[in-house]
Amino acid sequence: MDISSGLLDEIEGTVQGHRDGHGFVARDDGEPDIYLSPNEMRAVLHRDRVKVRIVRQDRRGRPEGRVLEIVERPPHPIIGRLLQEGGIWLVAPEDKRYGQDVLIPKAAIGAARTGQVVVVELTEPPALYGQPVGRVKEVLGEIDDPGMEIEIAVRKYGVPHEFSDAAIGEARALPDTVRPADRKGRIDLTDLPLCTIDGEDARDFDDAVYCEPAVVSGRGKKPNGWRLLVAIADVSHYVQTGAPLDVDAYDRATSVYFPRRVIPMLPEKLSNGLCSLNPDVERLCMVCDMVVNAKGEVVAYQFYPAVMLSHARFTYDEVAAILSNTRGPEAARRQERVPDLLNLHDVFRALLKGRQARGAVDFDTVETQIVCDEAGRIEKIVPQVRNDAHRLIEECMLAANTCSADFIQQGKQPGLYRVHEGPTPEKQEILRAYLRALGLGLSISDDPHPSEFQHIAEATKDRPDAEQIQMLLLRSMSQAIYTPVNSGHFGLAYDAYTHFTSPIRRYPDLLVHRVIKAILDKRKYRLPELPTPGEAHEKLRARLQRNSGSRKVAETPQLKRQSPEMLAWEAAGLHCSANERRADEASRDVEAWLKCKYMREHLGEEYGGTVSAATSFGLFVTLDELYVEGLVHITELGGEYFRFDEIKQELRGERTGIRYSLGTRVRVQVSRVDLDARKIDFRLVHESDGLLSRAMRDKGVAPAGERGQPAKSSAKRAARNKREAERAQQGGARSAPSPMQALKSAVKKASAKVQKNGKPRSGRR
């Protein structure tokens, strides 16, 4: 980048603070971020919109800027702990991207007490030689109160968590049951044994399914396909366009799922009651009625509004148990529904064939679930294993979503598609280089198809680093977004795809329902006057502009001449995409908090783990038993100089040749937990003798025990390290050696040196 050409330009963007005191300006035009020194950050805050001028390059070659003007200071509250130091009251922000403490006048403390978590409203902005000043707006409670991590997260990420009075009033006015007037113009499916299949802790049921054999082709009477019905809660019947409930739902855009708590998109009366497809009660729904052939292809479909009654509520584990043993106790309790489940399983296997024929990506990644006690503390972290029941419902929903996208296309109306771009050329090259470094003999083409990624995953599934390879394959792809411009879904290998199946918890699904209804009624659906998307929207837009694949789409002449209507749809898509990412970030933040709090109780304990990522500053290790990730800093890897190989994703010691790459097995000790930074630090223990020995042999050096040295020295050293860790855990730093110990150590070192110099080392070449 030529810095000199832009030295006089005034550039607008959003400040992104860093916990180390410096910051960056994320430019509105999508160009590389501008570095702000700690001195420049003294007068601005994280999230401020500013005008900057590039003044130089820093020592790392990054453009460095000077703040000219604060364009806008969004009214985001600051959450932190109230402290008193030397008679001065201040709040230390929980989000360390705010690099300065906030001074609180004694009169502005209110009822807050020292150590409590509070919400602060700024009354005076920061200055070059002065800290920001604020007042306590809300007291959240003590740091160890149950659910405090969620209260912090929803405010930290700006997640709307309170419904407006107008929305609450509108929800209260809604009926508790389906009224006779609501049934008008709908098909009655109450006799059809539709059922819901969800997780054990599910409270809102979006979808119900039913399947029966059907004659798809030919003149025979023998079934050679299936009729598959996917019934989805008709939220659009109750949430009218532009109504207070709709405005609040759009503002949230998605439900946010935390351990033990959900921030819903809709009030509970709708999400868990009137719209939820609870068993044995009538509910309004939109139905995607499909005909599927033996190859797993949807050969015909239709949409229609209906009224239904769920005949059963199943959990995934129940369905999996019934499908694996139709004569077991679970099947005996649900004998009437067993044939329906078997039909669903048959159509699932056909749809799976269709997925394989398309070459869609289907990775089996391990997800975890945090199980908490009544006080909100982690009891255990367990893996969530996807069984056939999970995959059955997934395939049914995918089929309904593709039909929805096709129906909107055929209706020639604007709507929101779920678009997943393929990997950018830069990410393709990184992936190719990594695959070459592994020596697998596998690669991807210049215009890759998702089947190539699936082939690599299948070919490496038995390797110890299979999970890490799959993760790199996933990271090489772009993130999916909502947009009115359809360019297909790369991962699923669909030409057109959208979201139709979860209108209770996703706003795009609600919009898709409205568009489908408009097409059925032969009218045009128009978006309401929606609130202007905020910071999250701008952040996502800049991210998309930096993505070359998305930039190609955005720069087409058709889009340059977009109508105001299409621009409104684009804004709605960006808003929903940004809020989806905000929800994910908030959820991850809470999970990281809980894991850190949990690991504080395990300081000093040792675990086996796998290297999940390698960086220039160390290794990230995921523990086998707890599924918790932490960092082994490069300084903890021993007295060795390590070089980071970005292509091979590994750290390699220059002297010993020891390598730490993705999938390497290690044993670590929990050494430090930083709750504020959400970081867990490990140190290596019993340093992998096998790794070291193999590395030394590769370099032509015999390991200990083969060079006339005691073979047990490494074991003794490991035992000594363990004793030292135990002493440190009990509360004290390691004591200095006594004079006698020092003398013994000096004698041993001298003796070893004499032996080394007087005797040639065996095994050298």
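The values are calculated or read from the model by the stated rules, or taken from the named source; none is laboratory data. Values in this document were obtained by computation on a predicted structure and should not be read as measured data. Using ideal geometry, Cβ is built from the backbone for each residue, glycine included, and neighbour counts are taken over all protein chains shown.
Summary of values
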quantity: Subset of region 118-132 [over 19 Å from ILE152 (Cβ atoms), surrounded by fewer than 18 Cβ atoms within 10 Å (Cβ to Cβ) and out of contact with any Leu (no Cβ under 6 Å at 6 or more places or on another chain)]; calculated: THR123, GLU124, PRO125, ALA127, LEU128, TYR129, GLY130
quantity: SER310 vs. criteria within 27 Å of ASN224 (Cβ to Cβ) and among the hydroxyl-bearing types (Ser, Thr, Tyr); calculated: no
quantity: Selection status of PRO146, under 29 Å from the mean Cα position of the chain (by Cα) and farther than 28 Å from ARG47 by Cα; calculated: yes
quantity: Residues of region 54-107 satisfying the condition of being buried (at least 16 other Cβ atoms within 10 Å of the Cβ), among the acidic types (Asp, Glu) and either part of a strand (DSSP E or B) or over 33 Å from the mean Cα position of the chain (by Cα) (or both); calculated: GLU64
quantity: Count of residues meeting criterion [surrounded by 19 or more Cβ atoms within 10 Å (Cβ to Cβ) and touching a Phe, Trp or Tyr at 6+ places or on another chain (Cβ under 8 Å)] in region 26-41; calculated: 3
quantity: Filter pass, GLU200 being assigned by TED's automatic domain parsing to the domain that holds SER271 and either among the aromatic types (Phe, Trp, Tyr) or not in a loop (DSSP other than H, G, I, E, B) (or both); calculated: no
quantity: Among the residues listed as ASP191, ASP182, ASP176, the single one being among the acidic types (Asp, Glu) and over 14 Å from TYR238 (Cβ atoms); calculated: ASP191
quantity: Residues (outside any strand (DSSP E or B), surrounded by 18 or more Cβ atoms within 10 Å (Cβ to Cβ), touching a Phe, Trp or Tyr at 6+ places or on another chain (Cβ under 6 Å) and not small (Gly, Ala, Ser)) located in region 369-395; calculated: LEU392, GLU395
quantity: Pick from region 232-242, criterion in a helix (DSSP H, G or I) and out of contact with any strand residue (DSSP E or B) (no Cβ under 7 Å at 6 or more places or on another chain), ranking: surrounded by the most Cβ atoms within 10 Å (Cβ to Cβ); calculated: VAL235
quantity: Check on GLY115, of a type outside the set (D, E, K, R), loosely packed, with under 14 Cβ neighbours inside 10 Å and either touching a strand residue (DSSP E or B) at 6+ places or on another chain (Cβ under 8 Å) or in the same structural domain as ASN579 (by TED's automatic domain parsing) (or both); calculated: yes
quantity: Count of region 253-263 residues which are surrounded by fewer than 23 Cβ atoms within 10 Å (Cβ to Cβ) and either modelled with pLDDT of 95 or more or part of a strand (DSSP E or B) (or both); calculated: 6
quantity: Positions within region 116-133 being of a type outside the set (A, V, I, L, M, F, W, C) and more than 31 Å from the chain's Cα centre (by Cα), in sequence order; calculated: THR123, GLU124, PRO125, PRO126, TYR129, GLY130, GLN131, PRO132
quantity: Search result, residues across region 464-479 that are among the charged types (D, E, K, R) and in contact with a Leu (Cβ under 6 Å, 6 or more places away or on another chain); calculated: ASP465
quantity: Answer residue from region 620-639, given it is hydrophobic (A, V, I, L, M, F, W, C) and modelled with pLDDT under 90 and is farthest from the chain's Cα centre (by Cα) among those; calculated: LEU637
quantity: Unique residue being modelled with pLDDT of 90 or more and surrounded by fewer than 18 Cβ atoms within 10 Å (Cβ to Cβ) when the list is PHE617, PHE642; calculated: PHE617
quantity: Yes/no for MET308 being surrounded by 22 or more Cβ atoms within 10 Å (Cβ to Cβ), touching a residue at least 40 places away in the same chain (Cβ under 8 Å) and under 13 Å from ILE187 (Cα atoms); calculated: yes
quantity: Region 590-601, residues that are within 20 Å of PHE682 (Cα to Cα) and not aromatic (Phe, Trp, Tyr); calculated: GLU591, ALA592, LEU594, LYS595, CYS596, LYS597, MET599, ARG600, GLU601
quantity: Top-ranked residue of region 108-157 - restricted to ones that are of a type in the set (Asp, Glu), assigned to a strand (DSSP E or B) and in contact (Cβ under 8 Å) with a residue 12 or more places away in the chain, ranked as nearest to ALA92 (Cα to Cα); calculated: GLU121
quantity: Residues of region 270-280 classified as touching a Lys or Arg at 6+ places or on another chain (Cβ under 6 Å) and either in a strand (DSSP E or B) or at pLDDT 95 or above (or both), total; calculated: 2
quantity: Helices (runs of 4 or more DSSP H) fully within region 455-564 counting 3 or more residues that are at pLDDT 95 or above and either on the phi < 0 side of the Ramachandran plot or surrounded by fewer than 15 Cβ atoms within 10 Å (Cβ to Cβ) (or both); calculated: 507-520
quantity: Any hit, region 386-404, residues being outside the structural domain of ASN293 (by TED's automatic domain parsing), among the β-branched types (Val, Ile, Thr) and over 22 Å from the mean Cα position of the chain (by Cα); calculated: yes
quantity: Looking only at region 18-44, and only at residues there that are of a type in the set (A, V, I, L, M) and part of a strand (DSSP E or B), the one that is modelled with the lowest pLDDT; calculated: ALA26
quantity: Set LEU266, LEU229, LEU245, LEU192: member being in a strand (DSSP E or B) and modelled with pLDDT of 95 or more; calculated: LEU229
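Residue-wise test of (1) modelled with pLDDT of 90 or more; (2) out of contact with any Lys or Arg (no Cβ under 8 Å at 6 or more places or on another chain); (3) aliphatic (A, V, I, L, M).
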position	(1), (2), (3)
ASP48	yes, no, no
LYS51	yes, yes, no
VAL91	yes, no, yes
LEU103	yes, yes, yes
ALA107	yes, yes, yes
GLN116	yes, no, no
GLY158	no, no, no
